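Heads up: the structure comes next, in C-alpha cells.
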Amino acid sequence: MADPSSYRPKPGQIPDSPGVYRFRDEYRRVIYVGKAKSLRQRLSSYFQDLANLHPRTRTMVTTAASVEWTVVNTEVEALQLEYTWIKEFDPRFNVKYRDDKSYPYLAVTLNEEYPRVRVMRGAKKKGVRYFGPYGQAWAIRETVDLLLRVFPVRTCSAGVFKRSAQIGRPCLLGYIGKCSAPCVGRVSAEEHRELAEEFCDFMAGRTGAYIRRLEKSMQEAAEEMEYERAARLRDDIDALRRAMEKSAVVLADATDADLIALAEDELEAAVQIFHVRGGRVRGQRGWVTDKVENVDTAALVEHALQQLYGEESGDAVPKEVLVPALPDPVEPVQQWLTERRGSNVSLRVPQRGDKKDLMATVQRNAQQALVLHKTKRASDLTTRSRALEEIAQALGLDSVPLRIECFDISHLQGDDVVASMVVFEDGLARKSEYRRFQIKTFEGQDDVRAMHEVIGRRFRRYLQEKQQTGEWEEETPAGEDAGAGLSGPVDPADEPVATGPTDEEGRPKRFAYPPQLVVVDGGQPQVAAAQRALSELGIDDVAVCGLAKRLEEVWLPDEDDPVVLPRSSEGLYLLQRVRDEAHRFAIAYQRNKRGKRLRSGPLDSVPGLGESRRQALLKHFGSVKRLRAARVEDICEVPGIGRKTAETIAAALAAAAPAAPAVNTATGEIIEDDGAAPATLSSERGLER
C-alpha cells in the first residue's frame with residue numbers, strides 16, 4: 001500500500017486550469033481517470049488525511065503510485081478527453097456501464113450500393129442507419145415483415161444477392177412482393193436506395209405525411225375505378241398502422257427524446273434508457289455497474305451520458321435528454337451534447353405532465369432491472385460457490401460455510417429490544433429456519449449484552465437437542481437433570497416463524513443444526529460478545545465474524561484489524577445479503593411487537609378473553625372506564641361472559657391502575673377514556689435500530 005505523500009506533486013506544480021488527470025499504480029497502469037474545472041483544487045483534495053477520505057477514494061490513492069495531468073482549454077474538451085481515456089485505459093476505479101446483454105438494432109446499410117435491412121448487434125458501423133435498440137430480435141423481424149409490404153427493401157445476405165444475380169431469378173421474397181428484386185434489375189440502384197430512405201424516414205417517426213399520401217393515392221385509385229390498386233394501397237396502410245401500433249404513443253407532442261433513470265444502492269447502480277422518437281417508444285436498453293468510485297446520482301448520470309453519446313453524432317443524439325438529476329456543472333455536458341448533435345440539445349429534469357409520468361415508468365424499470373440483476377446473481381450456482389469459497393479463504397476456514405447464521409439486534413431507543421436469526425444454506429435463504437428472540441435478562445439499550453444473550457440461548461438449545469437425540473453424551477450425576485449442565489435456562493419464547501425439521505414425534509427441531517459460520521451485525525464489541533458466549537458453552541468448532549455496515553469491514557475475534565474484502569467480491573456480496581436479511585427480519589419483528597404494545601389495553605391481560613368477547617364488552621359498556629365501575633352481575637349480562645370470567649375481568653381491571661385522565665387544554669374538559677388510543681408509528685421509525 002503506497003503512501004500518497006510519496007508521489008504528491010510539489011506546491012505550485014499543478015496548474016489552476018481545466019484538465020484531465022490520471023492516477024497510475026506501481027506498474028504504470030492507469031487506475032483512475034478524472035476531469036476537473038481546476039486541476040489544482042481537485043488534485044489537492046486527494047492528498048489529505050486518509051481518515052477524511054471516502055473508503056473507495058482512500059483505496060484508490062493508496063493503490064496509486066503516481067499522478068499526471070493534461071491541461072485543456074475548456075471543460076467540454078476535458079469531458080471529451082476523459083471519455084476517450086476511460087475507453088482507452090479501462091481504469092479499475094472508474095464507473096463503467098456495461099450492457100447486461102447485447103441489444104439488437106434494426107439497421108439499414110446505406111453504405112452499400114443496394115442498402116439492406118437487417119438485425120445487427122455489437123459496435124456500430126459508419127454509414128449504417130440504426131433504429132432501436134429492441135428488447136428482442138423477434139420484435140424487429142415482426143416490424144420488418146409488416147413494413148416490407150410497403151417498402152420492399154432488400155433483406156438478403158451478400159451471398160444470396162450475388163447468387164440470384166448470377167442465375168437471373170430472385171429469391172422467394174421477390175416472388176411474393178416483399179422485395180423489389182434489385183438483384184435481377186426490376187428496380188435500379190437509385191430507385192432501391194430511394195425505397196431504403198423512405199423506410200428510414202418512416203422508422204424515424206415521420207409517419208403521418210407518408211400515410212396521408214397513401215390514403216390520397218388510394219382514394220384517387222378508387223375514383224378511377226382501379227379497385228385492385230386501391231385494395232393494395234388499403235392493405236399497405238393497414239400494415240403501416242399495425243407496425244405503428246407496436247410502439248404506443250407516450251408523448252402527444254411527437255417529441256424526440258431519451259429518458260434516463262437510475263436505481264442504485266451502496267454497491268451497484270442500474271440505468272434504464274427509453275428512446276422516444278415521434279412521441280413513441282422506439283427502443284429501450286439498460287446497464288448495471290459496480291460503484292467502484294464515490295459518486296452521487298448526478299455523477300452517475302454524467303457517466304451514463306458519456307457512455308450513450310460518446311461515439312454518436314447527428315440525429316443519434318436527440319433534441320431533448322431527460323434525466324433524474326443534472327450533472328454539476330451542467331453547462332459543459334449540455335454544450336458537449338450540442339456539439340455531438342450539431343444543434344441545440346436540452347438537458348433537463350422533467351417537472352410535470354406526461355414526461356414526468358413517463359420518467360416514473362423508466363424509474364420503475366430501472367428498479368426492477370436492479371432487483372433482477374441481484375436475484376440472478378444470488379441464484380447462480382457458480383456465483384454462490386465462488387462466494388462461499390471467498391468467505392472461507394478470507395476468514396481462514398477449513399471448509400466452505402455451507403450453513404451461515406446471522407444475528408441482529410433491534411430496538412427503539414432501548415424499548416422493545418428483540419433479536420433475529422436468519423439462516424442461509426448453500427448461499428440461499430432458508431426462511432423455515434429463521435428464529436426471533438425477545439431480550440428478557442435486562443432492560444435498556446445494550447447491543448453487546450443482547451448479542452451475548454441471544455448467541456448463548458441459541459447454542460444452549462442446540463446442545464440440549466443434541467443431548468436429547470443422543471448425538472452428544474455427557475456424564476450426568478445421578479439425580480441431576482440432564483440439562484442442568486447447560487449454562488442458563490432454555491427460553492420457550494425463542495419462536496420459530498415457520499415449520500422446520502421435526503423429530504420422530506413430530507415436534508419442531510428448532511435449533512438442531514449447528515452453523516459453520518456465525519455472522520453478527522456489528523464490529524469488534526459484538527464479535528467479542530458472540531465469541532465469549534460460544535466459549536462459555538464449550539463450543540469451539542463454529543467460526544464467528546462481524547460485518548460493520550459503515551465501511552463494510554469484516555471483523556474476527558481477537559483481531560485488531562478488520563478483513564477488507566474487495567468491493568466486487570462475491571463473498572462480500574453474500575455477507576451483505578445475509579446481514580441485510582437479518583436486519584430486515586429484526587426490524588419487522590420489533591415493529592410488530594411495538595405495535596401490539598401500543599395498541600394493548602387493560603383487557604388484553606385477562607386470560608382466556610379473546611378479541612370477540614373484548615369487543616362485546618366494550619360495545620356493551622361503551623368504555624373501559626364504565627366497565628371498571630361495573631359490578632360482576634352487570635358484566636355477566638354480556639353475551640358469552642360467565643360469572644367466573646366476569647370475576648376474572650373485574651379483578652384484572654381493579655388490579656390495573658387507571659391511567660391519568662386526558663384533559664383538553666383549551667377547555668379544561670376531562671376526556672373520557674374510550675379504552676383504546678390510536679398510535680402513530682411512522683414518526684418513530686427514524687429512531688429504530
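The values are calculated or read from the model by the stated rules, or taken from the named source; none is laboratory data. Here the structure is a predicted model, which means the values were calculated and not measured. Virtual Cβ from ideal backbone geometry, glycine too; neighbours counted across all protein chains shown. We work out accessible area using only protein heavy atoms, side chains counted, and drop any ligands, DNA or RNA first. Shrake-Rupley method; radii C 1.70, N 1.55, O 1.52, S 1.80 Å.
Numbers below:
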{"quantity": "Subset of region 175-191 that is closer than 22 Å to Ile140 by Cα and touching a helix residue (DSSP H, G or I) at 6+ places or on another chain (Cβ under 7 Å) - its residue that is surrounded by the most Cβ atoms within 10 Å (Cβ to Cβ)", "calculated": "Cys179"}
{"quantity": "Residues located in region 331-348, provided they are crowded, with 16+ Cβ neighbours inside 10 Å and not in a helix (DSSP H, G or I)", "calculated": "Val345, Leu347"}
{"quantity": "Test for Leu397: is it part of a helix (DSSP H, G or I), on the phi < 0 side of the Ramachandran plot, surrounded by fewer than 18 Cβ atoms within 10 Å (Cβ to Cβ) and aliphatic (A, V, I, L, M)", "calculated": "no"}
{"quantity": "Residue check, Arg352 open to solvent by 20 Å² or more (accessible area, probe 1.4 Å) and either on the phi > 0 side of the Ramachandran plot or in contact with a Ser or Thr (Cβ under 6 Å, 6 or more places away or on another chain) (or both)", "calculated": "no"}
{"quantity": "Boolean, Gln363 is open to solvent by 60 Å² or more (accessible area, probe 1.4 Å) and in contact with a Pro (Cβ under 8 Å, 6 or more places away or on another chain)", "calculated": "yes"}
{"quantity": "Scan of region 128-148 for residues that are modelled with pLDDT of 75 or more and part of a loop (DSSP other than H, G, I, E, B), ordered by number", "calculated": "Val128, Leu148"}
{"quantity": "Some residue of region 371-390 being crowded, with 20+ Cβ neighbours inside 10 Å and within 28 Å of Glu82 (Cα to Cα)", "calculated": "no"}
{"quantity": "Residue tally, condition surrounded by fewer than 16 Cβ atoms within 10 Å (Cβ to Cβ), assigned to a loop (DSSP other than H, G, I, E, B) and in contact (Cβ under 8 Å) with a residue 40 or more places away in the chain, over region 404-444", "calculated": "3"}
{"quantity": "For Arg594: the one exception among (1) in a helix (DSSP H, G or I); (2) open to solvent by less than 40 Å² (accessible area, probe 1.4 Å); (3) farther than 19 Å from Gln445 by Cβ", "calculated": "(3)"}
{"quantity": "Residues within region 279-315 that are crowded, with 16+ Cβ neighbours inside 10 Å, polar (S, T, N, Q) and outside any strand (DSSP E or B), tallied", "calculated": "2"}
{"quantity": "Residue count, region 6-17 (criterion: open to solvent by less than 80 Å² (accessible area, probe 1.4 Å) and not aliphatic (A, V, I, L, M))", "calculated": "5"}
{"quantity": "Strands (runs of 3 or more DSSP E) wholly inside region 18-127 containing at least 2 residues that are surrounded by fewer than 16 Cβ atoms within 10 Å (Cβ to Cβ)", "calculated": "66-71"}
{"quantity": "Set Glu224, Glu194: member being under 30 Å from Gly279 (Cβ atoms) and surrounded by fewer than 16 Cβ atoms within 10 Å (Cβ to Cβ)", "calculated": "Glu194"}
{"quantity": "Residues that are closer than 20 Å to Arg613 by Cβ and either modelled with pLDDT of 80 or more or exposed (fewer than 11 other Cβ atoms within 10 Å of the Cβ) (or both), drawn from region 655-674", "calculated": "Ala655"}
